[in-house]
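Visitor: This is the structure, below, for whatever I ask next.
The values are calculated or read from the model by the stated rules, or taken from the named source; none is laboratory data. None of these values were measured; they are calculated from a predicted model. Virtual Cβ from ideal backbone geometry, glycine too; neighbours counted across all protein chains shown. In case anyone asks, the SASA skips ligands and DNA or RNA and just uses the protein heavy atoms, side chains included. Shrake-Rupley method; radii C 1.70, N 1.55, O 1.52, S 1.80 Å.
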Amino acid sequence: MDKKTALVTGAGRGIGRQIAISLAKAGYYTILNYAHSAAAAEEALKEIKDAGGDGETMQFDVADFKAVEQAAGDIIGRLGKLDVLVNNAGITKDTLLMAMKEEDFDAVISTNLKGTFNTMRHFCRYMIKNKGGRIINISSISGIIGNAGQANYSASKAGVIGLTRAAAKELGGKGVTVNAIAPGYIQTEMTEVLSDKVKEGILSTVPLKRAGEVDDIANTVLFLASDEAGYITGQVIEVNGGMH
Ligand code: NAP
């Protein structure tokens, strides 16, 4: 594979879809992971190919350690390397702490935090072998300031920041940078479920007076993946219109 390669988890919908499309348009052979949204992932790949880019879709559940190990072996076996890993897959199961079910806490931690660990764990050895790579983890403002009703989600996204900072120290000497992006309020299906009242409340705290768009995050990923960002590691880039 002469082209640079990138894997985006949860790339069928929302922010991940735009990240995958932007990386592919920038010349990366892009692997679009999905868990359930096969049709959406295929559509995103079609958009990439129609624009002259290249890539493939790949189904696996990021929370499944063995499935991720298998996917990593398959990708490296066929393509020889992975240059950029974007950990975007994420879920919410919001409710107040007092009422939060054990399974809803576990599910959010498994996908958001352990899922990020799983891909980093299985791909970092190949990045080290290749003497370079970029790992970009999508955290959240919720993991920095904490949000009422999101104890599980805030904990998972704060965990992603700890994971990012520790891995940056371990992998820096091997030429691998590890950074996180903490989006604020971005318009996707994840935030579409919020009531109009909650949306208005969030927007009133955004100095730039608009919700973020998927491109705002994809552009930050493009920068962190670029040669120009080669001296940035262990950082959390907040893309939130000034909310924090
Ligand atoms: P979204 O529209 O709900 O999309 C979530 C994506 O994650 C889907 O593509 C989904 O794929 C994938 N996913 C979920 N569980 C998965 C699993 N076990 N394995 C593989 N993929 C899985 O959400 P979004 O708004 O684009 O969010 C993307 C990321 O940004 C998340 O990490 C989220 O926490 C973070 N974020 C979002 C906002 C926001 O305001 N939207 C703010 C801060 C941070 P399937 O459909 O195939 O399951």
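Visitor: Of all helices (runs of 4 or more DSSP H) completely enclosed by the range 89-202, which ones contain at least 1 residues that are modelled with pLDDT of 95 or more, open to solvent by 60 Å² or more (accessible area, probe 1.4 Å) and more than 26 Å from Gln18 (Cα to Cα)?
Guide: Numbers: elements: 102-108, 115-129, 142-145, 151-171, 189-192.
Per the criteria, 102-108, 115-129, 151-171.
Visitor: With respect to Glu192, is the statement that it is over 15 Å from the mean Cα position of the chain (by Cα) and within 13 Å of the ligand (Cβ to nearest atom) true? Explain how you work it out, then say what you get.
Guide: Working: over 15 Å from the mean Cα position of the chain (by Cα): yes; within 13 Å of the ligand (Cβ to nearest atom): yes.
Answer is yes for this residue.
Visitor: Also, I was wondering about something else. Check whether at least one residue in the range 20-34 is open to solvent by 20 Å² or more (accessible area, probe 1.4 Å), near the ligand (Cβ under 9 Å from one of its atoms) and under 15 Å from Val221 (Cα atoms), and report yes or no.
Guide: Within the range 20-34, none of the residues are open to solvent by 20 Å² or more (accessible area, probe 1.4 Å), near the ligand (Cβ under 9 Å from one of its atoms) and under 15 Å from Val221 (Cα atoms).
Visitor: Only one of these is under 30 Å from Lys129 (Cβ atoms) and in contact (Cβ under 8 Å) with a residue 12 or more places away in the chain: Thr188, Thr164. Name it.
Guide: Working: Thr188 fails: under 30 Å from Lys129 (Cβ atoms).
Checking each option against the conditions leaves just Thr164.
Visitor: May I pose another question? Give me a count of the residues in the range 47-85 that are within 16 Å of the ligand (Cβ to nearest atom) and either part of a helix (DSSP H, G or I) or more than 17 Å from the chain's Cα centre (by Cα) (or both).
Guide: 14
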